[in-house]
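What follows is a single structure, written as structure tokens, with notes after it.
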Amino acid sequence: MPIREIPTRPYQDQKSGTAGLRKKVAVFQQPHYLENFLQSIFDVETSLRGATLIIGGDGRYHNREAIQTAIAMAAANGVRKIIVGQGGILSTPAASHLIRLHHAAGGLLFTASHNPAGPDGDFGIKFNIAGGGQASETLTGKIYEQSTQLTRYRIVEGTSLDLDRRGAQKIADTDVDVVDSVEDYARLQQSLFDFDRIREWFKKGGRLRFDAMHAVTGPYAKRIFIEQLGAPETSVMNGCPLEDFGDGHPDPNLIYAKHLYDLAMSADGPDLIAASDGDGDRNMILGRGLFISPGDSLAMLAAHLDKLPGYKGRLKGLARSMPTCRAVDQVARALGVECHETPTGWKFFCNLLDAGRLTLCGEESFGTSSSHTREKDGLWAVLAWLNILAVTGMSVQQIAQAHWQRFGRHYYARHDYDDLPVATANAVMAQLKTASPNLIGQHHGAWTISQADEFSYTDPIDGSVATAQGLRIVFGEAARIILRLSGTGTQGATLRLYLERYETGVDALAWQNNEALAPLAIIADKLIRIAEQTGRKTPSVIT
Ligand code: G16
């Protein structure tokens, strides 16, 4: 098997966003496009030489081809051992776990997360580092620099690995191990949760409906919920991963998983309804009669964490991304633990996790996880909820009501304006940034603006600074309006507007979410004028 150096010309658009490089499939299919990006990683991350690398993906269109290329290039670039999920399948949290378990120098994850798949859909690559977390902005910056000046890439020619056959194979001098995609991940979950109590809950008639959306979590959900926990087969829907995700949009939220919302609202719906996304790191939680927003889910899990075997007496700290509602802050205060506010992007939690300062963290974008891995973990969140239901004997509804009575409630919504011209979206941001200093002290109804600025973050562990992480208008504890540009889109620019309103006492239980947020939406419109500046009368998506 000869190693060849292939001459190439650099592309100039291989800059990673919030979570890796995401583009249309057609972009990745351009000559040498994938190879260039991979070679840039191998050139920059020299620790991969002589080390172990984890490879897998969410099963979307182009996954297998990309994995074959990655294996042939890893072997040509001196990687000693490659561990790859059977069939090329590894969920993002499972890959992160394998990196940690095998002390690998990194992992290549082929996914565009919740973005649609298929020949006209999206593809992506995430590079995760030793320790299991996503590459830092400094590292992705270096990889991008390298990608702009690359002149050759290295590859072992004429290889074709049998991705479906478990066990050892060899490519040139590199050992390749095709492993069961689920086994180690399931073992990790067993070490964290009380599987006996959950099994008992199912036996007593507890009902779960989990939608794997024809994406990566199907095999994980079937093995864990059905085979290991004894849930009926009907508990998992769309459990077979398809290259086009069944033509669906595996983004578990109130728009793309509306059927789950309808199920939750039906008179005899299951006790727990949940979904995950394309690569298995996001989660959506509903109970009979209600949707639990991701920020609330984080806070409720934090309040009950001590009931979970893997976490008893171990809560060190809590964290949320800046636009995520401040519900978890209330829990942190009550429990007397530190609480961190980080920029959007899971990588910002990782230093705190590594330093042992953080046990549980989450984001408004349907991401929740803990110190057990270095990615958000969709099935972990579902198991955590199942475990809490099993131990408390309460319903999701009762847990939520009791939580809001004790801690108050953060009404919350996100309004997305998708596929805007980049210049228009930038202009909206620039306008608000310029206006911000003059907003402080303004009264809007009963609320007064106490702070208006651009969020920047100094990492408490390594002192690195992340600037321009979103604009915030804060009305003390009572409310916030946040505006930021998405870092994960593949078409035009997406503006995200986040609305948060905090109420205690009877007002915490009195309102529908949209009723409570209506006055705040009017204030946001007055201050930011998105409709006027973009010509969009309504958001593309409200979640
Ligand atoms: C990715 C990151 C998340 C982040 C999200 C934000 O999610 O992994 O940490 O919260 O992007 O997306 P945006 O910048 O569009 O608001 P995923 O699930 O797409 O990998």
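The values are calculated or read from the model by the stated rules, or taken from the named source; none is laboratory data. For clarity, every value in this text was computed on a predicted model and none was experimentally measured. Here the Cβ positions follow ideal geometry from the backbone for every residue, glycine too, while neighbour counts run over all protein chains shown. All accessible areas refer to the heavy atoms of the entire protein, side chains included, with ligands and DNA or RNA removed. Shrake-Rupley method; radii C 1.70, N 1.55, O 1.52, S 1.80 Å.
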Regression test value, accessible area per residue of the stretch 185-407, probe 1.4 Å, units Å², expected 33
Crossing angle, helix 294-304 versus the chain [Cα axis fit, 0-90 degrees, rounded to tens]
80
Answer in debye to the nearest 20: the dipole magnitude of the chain about its Cα centre, from +1 Lys/Arg and -1 Asp/Glu charges placed on Cβ, is 600
Expressed as a whole percent, how much of the Cα-Cα distance distribution for the stretch 3-181 exceeds 23 Å?
32
Taking just the alpha-carbon atoms of the stretch 185-407, what radius of gyration and Dmax come out, in angstrom?
16.1, 46
Per residue, how much accessible area does the stretch 3-181 show when a 1.4 Å probe rolls over the protein heavy atoms, in square angstrom?
35
What number comes out for accessible area per residue over the stretch 409-542 if the probe is 1.4 Å? Units Å², please.
46
If I model a spin label at Asp247 and Thr504 as a point 7 Å from the Cα along the Cα→Cβ vector, what separation in nanometres do I get?
5.2
May I ask you to list the aspartates and glutamates whose Cα is less than 17 Å away from that of Lys142, ignoring any residue fewer than eight positions away on the same chain?
Asp13, Glu35, Asp43, Glu45
Which distance in Å, rounded to a whole number, links the C-alpha centroids of the stretch 402-463 and the stretch 488-543?
11
Over the stretch 88-140 - Rg/Rh using Cα atoms and the Kirkwood inverse-distance radius
1.02
At 222 nm, what value in deg cm²/dmol follows for the chain if DSSP H runs of at least 4 each add -39500 (n - 2.57) and the sum is divided by all its residues, to the nearest 500?
-10000 deg cm²/dmol
For the chain, give me the percentage of DSSP beta bridges that are antiparallel, rounded to the nearest 5 percent.
70
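Semi-axes of the equivalent ellipsoid for the chain, please: Cα gyration tensor eigenvalues, times 5, square-rooted, ordered largest first, whole Å. Present the calculation step by step, with values, prior to reporting the outcome.
Values: eigenvalues 271, 169, 84 Å².
For the chain, the ellipsoid semi-axes come out as 37, 29, 21 Å.
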Distance check, please: which entries in Lys15/Lys376; Lys24/Lys126; Lys23/Lys347; Lys170/Lys222; Lys81/Lys126 exceed 25 angstrom between their Cα atoms?
Lys170/Lys222
Here, Ser160 and Gln431, labelled 7 Å along Cα→Cβ, have an inter-label distance in nm of 5.7
Farthest positive-ward along the stretch 3-181 dipole, Cα basis, beta-carbon charges - from Ser113, Asn63, Ala75
Ala75
Out of all DSSP beta bridges in the stretch 3-181, what portion is antiparallel? Express it as a percent rounded to 5.
60
How many angstrom lie between the Cα centre of the stretch 86-126 and the Cα centre of the stretch 8-82?
11
So how far apart, in nm, are the two label points at Ala355 and Ile6 if each is 7 Å from Cα heading toward Cβ?
4.3
Whenever you get a sec, compute what percent of the accessible area on the chain sits on carbon and sulfur atoms (1.4 Å probe).
49
